[in-house]
Amino acid sequence: MSFGGLMALRNVSFDVIEGDIKALIGPNGAGKTTLLNIVSGIHQPDKGDVFFLGEKLVNVAPARIARKGISRTFQHVELFGNMTVIENIMVGQYARTRSGFLSSGFKLPFVVKEEREIQRKSEEILEYINLGQRKDEPASNLPIGEQRTLEIGRALATGPRLVLLDEPAAGLNIKETRNLGEIIRKIRDELKITVVLVEHDMDLVMSISDSIIVLNFGEVIAEGTPLEIQKNHEVIVAYLGEEEEIQRGYNAHT
Amino acid sequence: MLTVFLQFLFSGLTVGAVYALVGIGFNITYNATSIINLAQGEFVVIGGLMMWFFAESLKLPFLVSVAFTIISAGIVGLLMERLTIKPLKNPDLLLMIMITIAVSIVLRGILMFAFGKDPYVYPSFTEGEPLSIYGAIIQQQTLWVIGITGFCIILLFFFFKKTMVGKAMLACAVNPTAAKLVGINVSRMVMLSFVLSAVVGAIGGMAITPISLMEYDKGPMLAVKGFCAAIMGGLGTNRGAVIGGFIIGILESMTAGYIHSGLKDAVALIILLLILFFKPAGIFVSKAMHQLRKF
Amino acid sequence: MKKGDLLSFLIFILLIILLPVISGSTYTITVGIFSGINALVAIGLCILMGYAGQVSLGQAGFYGIGAYISSILSVHAGLPIVISVICAMIVAAVAAMILAVPALRLKGHYLAVATLGFGEIIYIILNEWGPGGPSGFGDIPHFGLLGYTIGSTTGYFYLIWGLVAVVMLFSINLINSGTGRALRAIHDSDMACNAMGLNVTALKIKVFILSAVYASLAGSLYAHYVTFISPSSFSLFYSILVLMMVIVGGITNLWGAVIGAVVITVLPELLRRFEELDVLVYGLILTLSLMFFRKGIVPILIEKIKKLREFAVAKH
């Protein structure tokens, strides 16, 4: 993937195992968001492939990728601000319904049934992410932490097999981050949905991830379990710079 | 054969010059504010009708009439910005589009009330024998139109490249926040852009009226054609607007001459739609350059 | 239907039935007929602009297609009027689709100008190739159904407003459904809609077609009522009038479109005395409502009623 001669990602190749939480970390500008954008179809790579459940995703429109079961959140929250909390979730389920213009306008019985089903399921999802109380508020009124949670809820509403979370903890306080970690873990354990997240909060990443990939300057510099990554020399250098690492090493010895 | 062709060409260049001026008017406000002022066509009408009012109705001397016309157009631009654009608080795009349409209707209403529905005309700026090239006749006023357009373009070029005010206006376009930080009065620049675009439009109106007459409801079509000229070369670039204006003017006059006069407006509209649908960034603009422009 | 909508709808039906009974004057009923015709166009634009967030300055084009196609088919091809009206709706839908596919990739100003250009092209076509050219043509048959012609003004009033009621019901259902939510979502964020798996392009095209079909229906009804049409009724000014109806009434509320249509249709009748000033008055109304009553009549009324109610509750 390159932007106007600037190579954003190069020779990046990795697998995500079903049912895992996989974290993508790396310094700013390492190409993490670009990677998510390629998987979700917003960007097309110059070279390379993306496979999901055996299907090729390159050159597939973002909406179709979403319907195939990959859903996502955004680094800059992209909620439907003029709509209520529950409506945001309900929109997430629309693509799975059969309702169209005519059937909705004539209020055919199956549309009514689908609507009731969507309503029920949306309330369920809101309870799941602890936003049940906020149901009828305009989404733009929520504090940033709840907006991020709501965005995750909306991603779940599409009935995905894989969710991509772009910096879900950005702007969250410690307590909110802990709740977020709980929710992400529940998504994996109870809903059996695979999670790929891009995140800067290392405590969160290390506590919930099954495996981690480290990107730097568009290349993979390390891959492994949280424990392996924490010990990886290259990662520490990339994150902290040479000198500080020596400093830390020194401190560790004393 | 050649004579007829040249005749059409000259009349195309004449109207094309006015479209170019309207296009430049669009660019000036767009560059300073990202607003596409759909009342741009009314400025041209104001130019023509006010000139008639001062020169024919009040019988003021020519240069005084020109000066007064320019001043009145400037005032209209100023009032438009101060009364309708500036007071808007966090406008969304939809509102921005509609407010300039609303103002254009107000202007049209005033013009209709003041001047009625009849077309107006006044004599050419200079009297004299028309020129003849291979039998094709060029009215002296045609030369005035093209000359004035050229003069305006050169003046604007120097204004934006060489003067502090011009540079400041461009700075507002590129980054209003940064412009504010370096001490540019952004609000004043926005106002100035409306005044300037109104004046440029009015100059076009003054020049073209002796040839093609002027009436209160010519604004929308002029605006559409001027907009077409502006996007042909990529919105915001004056060179493009000039080339675009002449292309539309010439195609229009060829259609009117060779095919059917009722279709001359359709030509510009079809070109407009084709550009919008297939190359909204403009024909002469590279894709990379377009991406740098904010929309 | 939600409780509020149901109540509004019942009041609405009651008003329709009662108006001709209360006011015996043919003049009032005639103005009512034109209000209803305009309301149909306005409802379509309201869904398109207020809900889906897409601008159109070309509704007059679809209105004109409706009027001309159904008139030509019924006069020259001798088709039954209902069939002509339906054919006109199909033509408008096809035209809308052809325009929408490339146009809806455009945003904001560009879409506004593109639709404006479309409307003007239709206007030129009507002038150049429409029967009678700029002076138009007449002897268009009155609307009729199964051999029974509606000749009386009151009959036509009920026909028009009956159709407005049906269209309104359809539109309310649509807006309150999942599809309606998806349309509002497009207004907010294309990118998020894509991530939700919504086919944004298809939704935009369909809503555009819907607004065109409403406008076409209105155009046909207009033609079969006045029995004489000329291109001047389908100029850019009509598109702007419809825009005004939607804005004045309240762009985010379907009832706003209906009320806006009535207000803007009745207004020139009240302003008859100032004939020279009508364009100016229209312009001022549009400008002032954009600047000071951006929400429009209906949403502002709803807010006031809510406040009053809260006040009453607080007092108790």
- Note on the structure: Taking trypsin sites (Lys or Arg not before Pro) in a DSSP loop with at most 16 other Cβ atoms within 10 angstrom as exposed, one finds the longest site-free stretch of chain C at C:108-316
- Query: Roughly speaking, what is the stretch gain from residue A:49 to residue A:127, that is 0.36 nm per residue apart minus the C-alpha to C-alpha distance, in nm to one decimal?
  - Reply: 24.3 nm
- Query: Which whole-number percentage describes the relative contact order of chain A, with Cα contacts under 8 Å and a sequence gap of 6 or more?
  - Reply: 29
- Item | Amide H contacts of residue A:216 (H built 1.01 Å from N, under 5 Å, at least 5 apart or other chain) | A:221
- In the structure shown, do any of B:86/C:304; A:68/A:186; A:113/C:307; A:135/A:186 have a Cα-Cα gap over 24 Å, and if so which? B:86/C:304; A:113/C:307
- Message: Please state the shape class of the range B:1-101: rounded when a/c is under 1.5, otherwise prolate if a/b exceeds b/c and oblate if not, all from the C-alpha gyration tensor.
- Response: oblate
- Any chance you could give the angle, 0 to 90 degrees and rounded to 10, that helix A:174-189 forms with the longest Cα principal axis of chain A? 70
- Query: In the structure displayed, which of A:32/A:56; B:167/C:204; A:175/A:231; A:32/A:192; C:206/C:306; B:59/B:117 lie more than 29 Å apart, Cα to Cα?
  - Reply: B:167/C:204; C:206/C:306
- By its C-alpha gyration tensor, with a ≥ b ≥ c as the square roots of the eigenvalues, how is the range C:3-235 shaped: rounded for a/c under 1.5, else prolate for a/b larger than b/c, else oblate? oblate
- Degrees, to the nearest 10: B:164-174 long Cα axis against longest axis of chain B: 70
- Task: Could you tell me whether the protein assembly as shown comes out rounded, prolate or oblate from its Cα gyration tensor? Rule is a ≥ b ≥ c as square roots of the eigenvalues, rounded for a/c under 1.5, then prolate if a/b exceeds b/c, otherwise oblate.
- Result: oblate
- Query: Where the centroid of each part is defined by its Cα atoms, how far is the range C:221-287 from the range B:61-80 in Å?
  - Reply: 33
- Note on the structure: Here the range B:75-89 yields Karplus 3J(HN,Hα) values (6.51, -1.76, 1.60; θ = phi - 60°; whole Hz; Gly and Pro given as x) of 5, 4, x, 5, 4, 4, 5, 5, 8, 10, 7, 4, x, 5, 9
- Cα centroids of the range B:226-256 and the range B:137-169: how far apart, whole angstrom? 16
- Query: Ordered by residue, what ³J(HN,Hα) values in Hz, to whole numbers, does the range B:190-203 give under the Karplus form 6.51 cos²θ - 1.76 cosθ + 1.60, where θ = phi - 60° and Gly and Pro are x?
  - Reply: 4, 4, 4, 5, 5, 4, 4, 5, 5, 5, 4, x, 5, 4
- Message: I need the phi-derived Karplus couplings for the range B:246-261: 6.51 cos²θ - 1.76 cosθ + 1.60, θ = phi - 60°, integer Hz, Gly and Pro marked x.
- Response: 5, 4, 5, x, 5, 4, 5, 6, 5, 4, 4, x, 8, 10, 6, 5
- Query: For chain C, what is the mean residue ellipticity at 222 nm derived from helices alone (per DSSP H run of n ≥ 4: -39500 (n - 2.57); sum divided by total residues; nearest 500 deg cm²/dmol)?
  - Reply: -25000 deg cm²/dmol
- Message: Using a 10 Å cut-off around each Cβ, can you sort A:233, C:224 from fewest to most neighbouring Cβ atoms?
- Response: A:233, C:224
- Rounded Å value of the spacing that divides the Cα centres of the range A:43-111 and the range C:142-166: 43
- Cα to Cα, under 19 Å, and not fewer than 8 places away if on the same chain: which lysines meet these conditions relative to residue B:89? B:180, C:295
- Within the range A:15-78, DSSP-loop GluC sites (Glu not before Pro) with at most 16 other C-beta atoms within 10 Å are A:18
- Query: Can you give the convex hull volume of the alpha carbon atoms of the range B:2-294 per residue, in Å³?
  - Reply: 138
- Task: Select from the range A:82-124 those trypsin sites (Lys or Arg not before Pro) which occupy a DSSP coil region and have at most 11 other Cβ atoms within 10 Å, ordered by residue number.
- Result: A:98
- Scanning chain A for chymotrypsin sites (Phe, Trp or Tyr not before Pro) in DSSP loops with at most 15 other Cβ atoms within 10 Å, what's the longest stretch left with none? A:107-216
- Note on the structure: The simple spin-label model distance between residue B:174 and residue C:145, using points 7 Å out along Cα→Cβ, in nm, is 6.6
- Item | DSSP-assigned coil residues among trypsin sites (Lys or Arg not before Pro) in the range B:29-112, each with at most 16 further Cβ atoms within 10 Å | B:59, B:89
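Where a number appears in this text, it was derived from the coordinates with a stated rule and is not lab data. This one's a predicted model, so the numbers in the text were calculated from it and none came from an experiment. Because the Cβ atoms are built from the backbone with ideal geometry, glycine has one as well, and the counts that use them run over all protein chains shown.
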